[in-house]
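All remarks here apply to the structure that follows.
The values are calculated or read from the model by the stated rules, or taken from the named source; none is laboratory data. Because the structure is predicted, anything quoted here is derived from the model rather than measured. Reconstructed Cβ throughout: ideal geometry from the backbone, glycine too, with neighbour counts over all protein chains shown.
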Amino acid sequence: MDSVSGTRTSFTVGEEATFIRTFTQEDVETFSRLSGDTNPIHLDETYAKQTRFGGRIIHGMLVASLISSALGTILPGPGCVYASQQLSFRAPARIGERLTARVRVTNWDATKGRIILATEVINERAEQLIVGEAKLVLASFLK
């Protein structure tokens with residue numbers, strides 16, 4: 001831990017963290033307004049019932065934001081900056097589901113302040129909704 005900024009400066013391969021959230025209809029509507037994504041699959045139940053999903057689904061990028069929350073607040077935590085994020089969407093999330101983002105350190109380069117993490121989001125039935133990989137750098141190495 002950096003004594004001045006309180007930012008972590010060391011990580012262990014295999015280290016994990018989770019971030020849990022349940023999205024509401026209001027969350028989905030707010031995200032739609034903020035992002036401009038007004039696709040009816042997220043907002044119109046009548047429309048969404050006619051799709052292969054059989055009802056409304058949460059925006060994939062809203063669900064993926066849980067990964068960002070885990071990375072920015074827990075592991076690696078404050079003082080990290082995204083370099084890249086690869087995502088593969090496997091299944092949809094539904095309003096009211098308990099969603100868990102899990103991040104796991106797969107590589108740590110202390111010399112360059114770079115960290116690679118496996119990322120995923122699962123629902124309350126342990127179904128994998130999103131899987132991917134994040135690359136981050138500690139902000140203190142960007143100076």
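Going by the conditions given, is T100 out of contact with any Cys (no Cβ under 8 Å at 6 or more places or on another chain), farther than 13 Å from A134 by Cα and without any contact (Cβ under 8 Å) to a residue 24 or more places away in the chain?
Spelling it out, it is not the case that T100 is out of contact with any Cys (no Cβ under 8 Å at 6 or more places or on another chain), farther than 13 Å from A134 by Cα and without any contact (Cβ under 8 Å) to a residue 24 or more places away in the chain.
Quick check: anything in the range 93-116 under 18 Å from the mean Cα position of the chain (by Cα), small (G, A, S) and buried (at least 19 other Cβ atoms within 10 Å of the Cβ)?
Taking every residue of the range 93-116 in turn, at least one turns out to be under 18 Å from the mean Cα position of the chain (by Cα), small (G, A, S) and buried (at least 19 other Cβ atoms within 10 Å of the Cβ).
Restricting to the range 106-128, name every residue that is in contact with a Leu (Cβ under 8 Å, 6 or more places away or on another chain), under 11 Å from L138 (Cα atoms) and not in a strand (DSSP E or B).
Listed by number, the list holds a single entry, G113.
For the range 82-92, which positions are loosely packed, with under 15 Cβ neighbours inside 10 Å and not in a loop (DSSP other than H, G, I, E, B)?
Correct list: Y82, A83, S84, Q86, S88.
Restricting attention to the range 129-140, which residues are of a type in the set (A, V, I, L, M, F, W, C) and in a strand (DSSP E or B)?
L129, I130, V131, A134, L136, V137, L138
What are the pairs, 6+ residues apart or on separate chains, where a residue within the range 72-88 that is farther than 12 Å from F11 by Cα has its Cβ under 6 Å from a residue that is assigned to a helix (DSSP H, G or I) and among the aliphatic types (A, V, I, L, M)?
Close Cβ pairs satisfying both conditions: G79/A139; V81/A139; L87/A64.
Got a sec? Which of V105, V137, V81 is touching a Phe, Trp or Tyr at 6+ places or on another chain (Cβ under 6 Å), farther than 22 Å from T30 by Cα and β-branched (V, I, T)?
V105
Being part of a helix (DSSP H, G or I) and either among the hydroxyl-bearing types (S, T, Y) or surrounded by fewer than 17 Cβ atoms within 10 Å (Cβ to Cβ) (or both) is the filter here, so list the residues in the range 47-78 that pass it.
Y47, K49, M61, S65, S68, S69, T73
Taking G77 as the residue in question, decide whether it is at positive phi and at pLDDT below 95.
Criteria met by G77.
Among (1) farther than 16 Å from E16 by Cα; (2) of a type in the set (V, I, T); (3) assigned to a strand (DSSP E or B), which single condition is T38 missing?
(3)
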